[in-house]
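Remarks on the structure that follows.
The values are calculated or read from the model by the stated rules, or taken from the named source; none is laboratory data. Just so you know, these numbers come straight off a predicted model, no measurement behind them. Virtual Cβ from ideal backbone geometry, glycine too; neighbours counted across all protein chains shown.
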Amino acid sequence: MMRLDKFLAHSGFGTRKEVKQLIKEYRVTVNDQMNVKDKTQIDETADIIKVDGAPIIYETYTYVMLNKPAGVISATDDCVHETIMDCLEGVFVKGMFPFGRLDKDSEGLLIISNDGKLAHRLLSPKHHVDKEYEVHLDTPLTKDDLRQIAQGIQLKDFTTKPAIVKEYDDCILHLTIQEGKFHQIKRMMEALGHNVVYLKRIRFGDLWLDESLDLGEWRYLSEDEIQQLRRNGEQQHETIS
Ligand code: URA
């Protein structure tokens, strides 16, 4: 048994607030009854829930946060290399995939789930989800580098969107980007004349890497964290500027 609003949110109909609105608008029925509330308890294995007349088949999703170690590739299957799935001992991994990728030598926050709808919303370029990294360089950043990072850097095939440097100390910076192009940070830094010697993702949307996770350790996301990710997937218009 579970609450109707939780069932709808889990089924991809938006945040708890949004699904409450659907219920208020009488667009949701339980066994063809319209008189339902967000708190109505439903049996997800037996009751027939419809939204706008279409029945919803309940699927349970799994959401995991991994502190990816270097040396492991962000793929689900590989005959040669160790993959992130090899780190997920104890998780039923069928259908799960990473929300975005980290390079083999990068570390840090990776969300792994089988919720394709949410992945699509979070990864689609129009949703502008922040990704924050701790970046270590071989040579110190200059004021001019900071200006270029904030304005956008011309790479061979595209110009990066404005990015934010939050903290920096000579060769170490916290950099937030909203894109996720191949080797993006390494390429940005190379264009400025620096090599990245260490790279760790510390934030995805509003979700921070749980620093209590050692490298290679994982944990399930809490209900609040899943809701937070869903809200990040709805934020379309907030761009770094
Ligand atoms: N940018 C990179 O260059 N590598 C990563 O792993 C992530 C962002």
Enumeration of residues in the range 2-57 that are of a type in the set (Ser, Thr, Tyr) and surrounded by 16 or more Cβ atoms within 10 Å (Cβ to Cβ)
SER11, THR15, THR29, THR40
Lone qualifier among ILE111, ILE202, ILE149 - being touching a Leu at 6+ places or on another chain (Cβ under 6 Å), β-branched (Val, Ile, Thr) and either within 16 Å of the ligand (Cβ to nearest atom) or not in a helix (DSSP H, G or I) (or both)
ILE202
As an exercise: evaluate GLY180 against (1) assigned by TED's automatic domain parsing to the domain that holds ILE226; (2) in contact (Cβ under 8 Å) with a residue 60 or more places away in the chain; (3) within 14 Å of the ligand (Cβ to nearest atom); (4) assigned to a loop (DSSP other than H, G, I, E, B) and give the number of the one condition it does not meet.
(1)
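Check the range 150-157 and report whether any residue there is under 24 Å from GLN235 (Cα atoms) and in contact with a strand residue (DSSP E or B) (Cβ under 6 Å, 6 or more places away or on another chain).
Initially, the range 150-157 is screened for residues under 24 Å from GLN235 (Cα atoms), giving 150-152.
Remaining after also requiring in contact with a strand residue (DSSP E or B) (Cβ under 6 Å, 6 or more places away or on another chain): 152.
Yes - at least one qualifying residue is present in the range 150-157.
So, in the range 121-132, how many residues would count as being more than 10 Å from the chain's Cα centre (by Cα) and either of a type outside the set (D, E, K, R) or closer than 19 Å to PHE92 by Cα (or both)?
Within the range 121-132, the subset more than 10 Å from the chain's Cα centre (by Cα) is 124-128, 132.
Within this subset, residues satisfying the condition of being either of a type outside the set (D, E, K, R) or closer than 19 Å to PHE92 by Cα (or both) are 124-125, 127-128.
Number of matching residues: 4.
Yes/no per residue for (1) over 12 Å from the mean Cα position of the chain (by Cα); (2) surrounded by 16 or more Cβ atoms within 10 Å (Cβ to Cβ):
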site	(1), (2)
ALA75	yes, no
CYS79	yes, no
ILE84	yes, yes
LEU88	yes, yes
VAL91	yes, no
PHE99	no, yes
ASP103	yes, yes
GLY108	yes, yes
ASP115	no, yes
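Suppose we filter the range 29-47 for residues that are among the charged types (D, E, K, R) and out of contact with any helix residue (DSSP H, G or I) (no Cβ under 7 Å at 6 or more places or on another chain); how many remain?
Kept after step one, since they are among the charged types (D, E, K, R), are these residues of the range 29-47: 32, 37-39, 43-44, 47.
Subsequent filtering for residues that are out of contact with any helix residue (DSSP H, G or I) (no Cβ under 7 Å at 6 or more places or on another chain) retains 32, 39, 43, 47.
The qualifying residues number 4.
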